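Participant: Quick one: the structure is below, and I'll ask about it shortly.
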Amino acid sequence: MLQPRHPQAAGESRLRGVDAARGLALIGMVATHIYPAVGDDGAVTPAHLLAAGRASAAFAVLAGVALALSTGRLPAPQARASTVARAVCIGTIGLALGYTHSGIAVILCYYALIFILAVPLLRAPVAALVVVTVLAFAVVPAAGLLSRDHLPPPTLADPTFGRAFTHPVNLTLEMGFTGFYPALAWLGYLCVGLAVGRLDLRSTRVAAALLAGGGTIAAAASLVSWALLRHAAGMAALESVDPVEVAGVGPLPVRSILDAGLYGSTPTNTWWWLAVDTPHSSTPVDLLHTGAAAVALLGFVLLLSRLLPPLMLIPLVAVGSMTLTLYCTHVIVMSASFLPADPTPSFLLQAAVALTVATAWRASGARGPAEAIVAAATRGTRQLV
């Protein structure tokens, strides 16, 4: 059995594998934002087959890992205060990005709320983190399916300062429960990351266990979904109403939903929707699959960082060390009109620029601009506590 280890033992230095995994997650998110979910031939595009739902989940899990590593050495009051400061900074940036009209469902405000929800859990024992994860992955989706018909439908618009002031209750409800990245369900990802961050991530044995365990659970979740839909009564129940109403979107064909994904929640006409693992459905199997896939990704990259010469991972590590800056830049760029219409040149251009700029920036020894702002805020907050 892998024994939890207090994050203090990790020391101050960053783990290259954690940053590299975060870099891969960012590039995966960029790909899903640029490529359509379904190509001209009617098939799901490779970018979405690989990264849809998984990349953003990996970001949340890795945020939990980073939170465990960054707060583990701090006294509890400072850990809580710095996490709140981090959430306020990220949320403020997210509200500003809501005005870009990029076509991207900006995730930062949701992340900020998840950080706030995680504050009481920073020093929670692993058993408590497991309980919260089970509640987030199992109970929250069921409660959502049961209650969404009685709640205001989500707008699925990006949060902005205007919405925060004019409709604070509805915006909080959407970010927490009915929106694209429902924070109450996604809190489970952060709890997984908090637990993983307490392991000795410098250990090859731990990295291998994360890869094997995460991969096995991810595959098992997909297998359960496939069995329930194909060999039980699931698919027939889903197709009994086709097209089906999706909150905040309107009627969609069932096949389109299963291929292209959802918008943070499922239709409510049958409980069988909880058996689908389509991206961004926030069902138990979707959350379990994507969370476990994120753990497997981290294990894989940790192992890779031990096998490859350090120089080979520098670009990915650099991207992963300034993901907030690069994510903001990506959102702003996607709102512009100068990008190539063909998704492949657009993706290659953005990925190449991100890797090049991040590598050069890292060589200068400076933090990314957004990261520097967050670091200054958290440092100042700690000094006040």
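None of the figures in this text is laboratory data; all of them are computed from the coordinates on show. The structure displayed is predicted, hence computed values, not measured ones. Heads up, the Cβs are rebuilt from the backbone with ideal geometry, glycines too, and the neighbour counts pull from every protein chain shown.
Participant: Per DSSP helix of 4 or more residues, -39500 (n - 2.57); summed, then divided by the residues of the chain. What does that give at 222 nm, rounded to the nearest 500?
Facilitator: After summing the helix terms and dividing by residue count, I get -20500 deg cm²/dmol.
Participant: Multiply the residue gap between residue 157 and residue 245 by 0.36 nm, knock off their C-alpha separation, and tell me the result in nm, one decimal place.
Facilitator: Extending this stretch completely gives an extra 29.9 nm.
Participant: Treating the beta-carbon of each Lys and Arg as +1 and of each Asp and Glu as -1, no other charges, what is the dipole magnitude of the chain about its Cα centre, to the nearest 20 debye?
Facilitator: 1700
Participant: Go through the range 336-385 and name the chymotrypsin sites (Phe, Trp or Tyr not before Pro) that are in a DSSP coil and have 12 or fewer other Cβ atoms within 10 Å of their Cβ.
Facilitator: Filter output for the range 336-385: 338.
Participant: Find which of 103, 315, 185 sits farthest along the positive direction of the dipole of the chain, computed with +1 on the beta-carbon of Lys and Arg, -1 on that of Asp and Glu, about the Cα centre.
Facilitator: 315
Participant: Summing Lys, Arg as +1 and Asp, Glu as -1, what charge do residues with Cβ under 15 Å from the Cβ of residue 252 carry, residue 252 excluded?
Facilitator: Summing Lys/Arg as +1 and Asp/Glu as -1 gives -3.
Participant: Kindly point out which whole DSSP H helices in the chain project their C-alpha atoms 20 angstrom or further along the helix axis while averaging a Kyte-Doolittle hydropathy of 1.0 or above.
Facilitator: Span-like helices here: 54-71, 204-230, 284-307.
Participant: Scan around residue 38 for amide H atoms under 5 Å from its own, H built in the peptide plane at 1.01 Å from N, and keep only partners 5 or more places away or cross-chain.
Facilitator: The list, which skips near neighbours in sequence, is 45.
Participant: Between the range 301-322 and the range 337-385, what's the alpha-carbon centroid distance in Å?
Facilitator: 16
Participant: Shifting gears a bit: Positive end of the charge dipole of the chain (Lys, Arg +1 and Asp, Glu -1 on Cβ, about the Cα centre): tell me which of 266, 113, 47 has its Cα farthest that way.
Facilitator: Value: 113.
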